[in-house]
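Below you'll find the structure, written out as structure tokens, and then a few comments.
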Amino acid sequence: MEAAQDLQSRELRERGARVLVGGVNSPVRAFSAVPGDAPLIAGGTGSRVIDADGREFTDYILGYGAHLLGHAPACVLDALRGELDASWSFGCTTASEIVLAEQIVASIPGVDMVRFVNSGTEATMTALRLARGITNRNLIVKCDGGYHGHSDALLAQAGSGVATLALPGARGVTPNSVRDTLVVPYNDPDAMTAILSHHGEHIAAVIIEPVAGNIGCIPPDPGYLQHLRSLTKEYGALLIADEVMTGYRAAYGSAALALGGSFDLICLGKVIGAGFPVGAVAGRASLMEQLAPLGPVYQAGTMSGHRFAMAGGSAVLGTLSATEPYEALDAMTSHLVTEGAALLEAKGIPAYGTKRGGMCTLFLGIGEAHSYEDVKKADTTLFGSYHAHMFQHGILLPPSQFEAVFVSRAHTMEDIDRFLSILAEWKPPSMRS
Ligand SMILES: *Cc1c(COP(=O)(O)O)cnc(C)c1O
């Protein structure tokens, strides 16, 4: 019986390897940085997913953070059922787009208008084009390890996927397409001051993940986001908060605002589409009105504002408030990283735990970390052994030290305690007899 089930994943993996590049449609799914085969998922509900062989896992990937309420929550199922019979894509506007935009405007101060796109990548591409169109400047500044999707200009020194695969940069990205991209270390206010004082009048925008999420979870140092706000104001550059991951996950609405920072344009994705393809650029009316059809900055999309993503996202946002579910998520991620780091230390492994709302990271082999340079020193071999152990015991973690770990409203403290007791049983390689 088990052998027959085993065949299911193995057979699918073999078929997949023939017709999908690396068996996947996004590189990190290949699990190249950890031992063992990549899982083939059959389905999920709440905090759990089941693979093609019927094995159950507690899911800490959660569609890379998209499933804030867990898999297939009743509110999203109900919302979709209500939409299904009316068909789902028209090349014309539907009410679902207006409703979700209204919810975003109502929950993020400083946002008057929204443009929906199909991915986080498109959101950041659009935000950059808009910033360049508005300022009539070319340069953009990003942080080392900041991931803003896979568009050419933003793929310079871009964290997790690129870091995990140890790509030297990315082939196929021409020097010209990254010529206007300047890169500074994250959480380094002096480096940001230096680059703005040197290139200030040519800089269209600074784009930042307010809580870095694609080098593992690294919150901003106190005062850093405020510093970016005043610097960009001083030099007339726009500040773009890329909250594709952190929006409605690290905090209700914008994590930048929750942390005392600010932005001119905000990019959203993941949670606002409830796990359907989505992205959004939003900001105050005077900036957003520069987009076509009101303004000269062109942007378009056949599937933009797709009804399933809009209705699903709307159902999720309808359940949220400033505290719900953020207090519960924060309690779970706090418990996970505090106790997790203590367990690792007890095994003689230096560890550093970080968290913000429903995202967190346990770094292995390093102490405190504030930047990509710091987290690069983490022990990825040790991480591989830890990941494989957790996987064998039914804990599905993102397959890289440099990906954040996610919890959902469907997770419970019991889930976290189970995570910790499985971690406690892990025998690091050096401790094996
Ligand atoms: C996931 C992510 C993106 C890219 O979103 P896609 O939907 O994968 O294109 C951009 N920025 C950040 C911060 C992200 O976490």
Original post:
Can you tell me which residues in the range 403-423 are among the hydrophobic types (A, V, I, L, M, F, W, C) and either open to solvent by less than 50 Å² (accessible area, probe 1.4 Å) or touching a Pro at 6+ places or on another chain (Cβ under 8 Å) (or both)?
Top reply: ALA404, VAL405, PHE406, VAL407, ALA410, ILE416, PHE419, LEU420, ILE422, LEU423
Original post:
What about MET310, is it outside the structural domain of ILE134 (by TED's automatic domain parsing) and closer than 30 Å to CYS75 by Cβ?
Top reply: no
Subject >> When residues of the range 232-244 are limited to those that are aliphatic (A, V, I, L, M) and open to solvent by 10 Å² or more (accessible area, probe 1.4 Å), the one nearest to the ligand (Cβ to nearest atom) >> reply: VAL244
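Within the range 88-102, track down each residue that is surrounded by fewer than 19 Cβ atoms within 10 Å (Cβ to Cβ) and touching a residue at least 40 places away in the same chain (Cβ under 8 Å). Break it down into steps so the answer makes sense when it comes.
If we filter the range 88-102 for residues that are surrounded by fewer than 19 Cβ atoms within 10 Å (Cβ to Cβ), which is where we start, we get 88-95, 98-99, 102.
If the condition is that a residue be surrounded by fewer than 19 Cβ atoms within 10 Å (Cβ to Cβ) and touching a residue at least 40 places away in the same chain (Cβ under 8 Å), then TRP88, SER89, GLY91, THR93, THR94, VAL99 are the ones that fit.
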Original post:
Quick check, is ALA256 part of a strand (DSSP E or B), at pLDDT 95 or above and either within 16 Å of the ligand (Cβ to nearest atom) or open to solvent by 40 Å² or more (accessible area, probe 1.4 Å) (or both)?
Top reply: no
**OP:** Test GLU414 against the criterion of being without any contact (Cβ under 8 Å) to a residue 12 or more places away in the chain and outside any loop (DSSP other than H, G, I, E, B), and give yes or no.
**Re:** yes
Subject >> Those residues of the range 295-321 which are in contact with a Ser or Thr (Cβ under 9 Å, 6 or more places away or on another chain) and either of a type in the set (D, E, K, R) or open to solvent by 50 Å² or more (accessible area, probe 1.4 Å) (or both), in sequence order >> reply: THR302, MET303, ARG307
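At least 2 residues that are away from the ligand (no atom under 16 Å from the Cβ), open to solvent by 20 Å² or more (accessible area, probe 1.4 Å) and at pLDDT 95 or above in each: list the helices (runs of 4 or more DSSP H) lying fully within the range 119-229 that qualify.
Numbers: elements: 120-135, 160-164, 175-178, 189-199.
Passing ranges, in order: 120-135, 189-199.
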Original post:
In the range 63-87, what count of residues is obtained for those that are within 16 Å of the ligand (Cβ to nearest atom) and open to solvent by 30 Å² or more (accessible area, probe 1.4 Å)?
Top reply: 3
Original post:
Does the range 262-272 contain at least one residue that is of a type in the set (S, T, N, Q), closer than 28 Å to PHE402 by Cβ, buried (at least 24 other Cβ atoms within 10 Å of the Cβ) and out of contact with any Pro (no Cβ under 6 Å at 6 or more places or on another chain)?
Top reply: no
Subject >> Near pairs, Cβ below 6 angstrom, 6+ apart or cross-chain, from the range 270-291 (in the same structural domain as ARG129 (by TED's automatic domain parsing) and more than 11 Å from the ligand (Cβ to nearest atom)) to any residue that is open to solvent by 70 Å² or more (accessible area, probe 1.4 Å) and assigned to a loop (DSSP other than H, G, I, E, B) >> reply: ARG284/ASP112; ALA285/ASP112
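I'd like to know if the range 285-294 contains one or more residues that are at pLDDT 95 or above, in contact with a strand residue (DSSP E or B) (Cβ under 9 Å, 6 or more places away or on another chain), within 19 Å of GLY70 (Cα to Cα) and open to solvent by 10 Å² or more (accessible area, probe 1.4 Å). Steps first, please.
Filtering the range 285-294 down to residues at pLDDT 95 or above leaves 285-294.
Next, only the ones that are in contact with a strand residue (DSSP E or B) (Cβ under 9 Å, 6 or more places away or on another chain) stay: 285, 287-291.
Now restrict to residues that are within 19 Å of GLY70 (Cα to Cα): none.
No.
The values are calculated or read from the model by the stated rules, or taken from the named source; none is laboratory data. All figures in this text were calculated on a predicted structure; none of them were measured in a lab. In this analysis, Cβ positions are derived from the backbone assuming ideal geometry, glycine residues included, and neighbour counts consider all displayed protein chains. To get the accessible areas, we keep the full protein, side chains included, count just its heavy atoms, and leave off ligands, DNA and RNA. Shrake-Rupley method; radii C 1.70, N 1.55, O 1.52, S 1.80 Å.
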